[in-house]
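For reference, the structure discussed in these notes is given below.
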Amino acid sequence: MDFRGLAAFLTVFLTWSCVTTEKVNHVATGNQYAKDGLLREASESYKKALVSNGNNQTANRNLGMVLVKIGDYKSAIKYLEKSLSKYENDFDANFYLGEAYRAIDNYAEAIFRYKRALQIKPDTARAQKPLAWSYFKIRYYSEALAISKSLLKSTPDDDQVAIIVARTLLKLKRPKESLAVLKNAKPKINRGAKPFFASLEGDIYAELKNPDQAIKSYKAALKDQPLLAGALLGLGKVMAEQGNNKQAISYMERAVRIRPRLTEGHYLLGKAYETIDPQKSMRYYQIFRKQASADPEFIAMLSEVKAKMLTLSTSPKSPPSTSKKAAKNLE
């Protein structure tokens, strides 16, 4: 080979080497950024790797995991699903895909992915907790309780697990057992979990027909976490039951502003406004019906609200436009 041919060969070789190195470095750089907590920078590095090679499954997987942490769940699902051709048997790919699906309320897919992750690494609390929550969300309380109670035995100091167990017991109408779980866990909880414990404690006391203690617990929760929607709603609900409608409405409206998909909150506000402002009552009931339409927990309430909306639509206090809209919605 003459010098000119050798020079051309070296030029091609070095160019190819630089491109290859560049591809590897984008993933490696992204990994370092992610390790340092620089998630936006990490995502940009992984995207650069994918510009060069869209089938780089490591970049797809790592980008998806970072996007879950950032909160871009739909994009995370796209990249993680794509990575499964290589990472189907990878714990993190399945776990983070479960997290992304759970964040967008697709609990069936979330449960499938958490269970797949647990097949790869059995008895991993990191995946068992969100699996129990996912079962809780789809009202499969027996499975949620079985997983969380087993987890509580192996991780007795985990305040999140204690909350799952207590909330599930409360849904199963076993408030005394629920309260016992909280009291046992209370001395060991982290400071950040205290308002959530207090709010749940308020729910339990409300179920036990102890409104004074419920109000005390809700207020303790709100002292530490003023924007805790569950505590605001619970406090409003108890006050409405005591006849303090004006203050109840104030708390409940704050709750639904913070969490617009707080379905029960719209039902309770519709009920609270029935006699004082039928137009507002109708509006809250309409939101409730839309949110509750696919939730079996609210079947009885939906039937009740439909009848109430018919009555409100003919109320003299309701403007004609509201009546027409309500009649159309009830067809």
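Of the residues making up the range 103-117, those that are out of contact with any Ser or Thr (no Cβ under 6 Å at 6 or more places or on another chain) and open to solvent by 30 Å² or more (accessible area, probe 1.4 Å) are 103, 104, 105, 106, 108, 109, 112, 115, 116.
Of all residues in the range 31-65 being small (Gly, Ala, Ser) and not in a helix (DSSP H, G or I), which is nearest to residue 103 (Cα to Cα)? Among them, the one singled out is 37. Taken together, the residues in the range 171-209 that are open to solvent by 10 Å² or more (accessible area, probe 1.4 Å), among the polar types (S, T, N, Q) and either assigned to a helix (DSSP H, G or I) or closer than 24 Å to residue 240 by Cα (or both) amount to 1. Of all residues in the range 115-131, those that are under 19 Å from residue 141 (Cβ atoms) and more than 15 Å from the chain's Cα centre (by Cα) total 2.
Within the range 78-94, the residues that satisfy the criterion of being among the hydrophobic types (A, V, I, L, M, F, W, C) and crowded, with 23+ Cβ neighbours inside 10 Å are 80, 93.
Looking at the range 210-221, is at least one residue at pLDDT 95 or above, under 27 Å from residue 294 (Cβ atoms) and either of a type in the set (A, V, I, L, M) or open to solvent by 50 Å² or more (accessible area, probe 1.4 Å) (or both)? Checking the range 210-221: not a single residue is at pLDDT 95 or above, under 27 Å from residue 294 (Cβ atoms) and either of a type in the set (A, V, I, L, M) or open to solvent by 50 Å² or more (accessible area, probe 1.4 Å) (or both). Residues considered: 118, 80, 97. Of these, the only one that is farther than 14 Å from residue 43 by Cα and without any contact (Cβ under 8 Å) to a residue 24 or more places away in the chain is 118. Considering every residue within the range 154-170, establish whether at least one is at pLDDT 95 or above, part of a helix (DSSP H, G or I), open to solvent by 50 Å² or more (accessible area, probe 1.4 Å) and under 28 Å from residue 295 (Cα atoms). Looking through the range 154-170, at least one residue is at pLDDT 95 or above, part of a helix (DSSP H, G or I), open to solvent by 50 Å² or more (accessible area, probe 1.4 Å) and under 28 Å from residue 295 (Cα atoms).
Here is the figure for the range 265-307: residues that are in a helix (DSSP H, G or I), out of contact with any helix residue (DSSP H, G or I) (no Cβ under 7 Å at 6 or more places or on another chain) and within 27 Å of residue 227 (Cβ to Cβ) total 4.
For the range 308-331, the set of residues classified as touching a helix residue (DSSP H, G or I) at 6+ places or on another chain (Cβ under 6 Å) and either within 28 Å of residue 141 (Cα to Cα) or modelled with pLDDT of 80 or more (or both) consists of 309, 312, listed by residue number.
The values are calculated or read from the model by the stated rules, or taken from the named source; none is laboratory data. A quick note: this is a predicted structure, and the numbers were derived from the prediction, not measured. Glycine gets a Cβ as well: all are built from the backbone with ideal geometry, and neighbour counts include every protein chain shown. All accessible areas refer to the heavy atoms of the entire protein, side chains included, with ligands and DNA or RNA removed. Shrake-Rupley method; radii C 1.70, N 1.55, O 1.52, S 1.80 Å.
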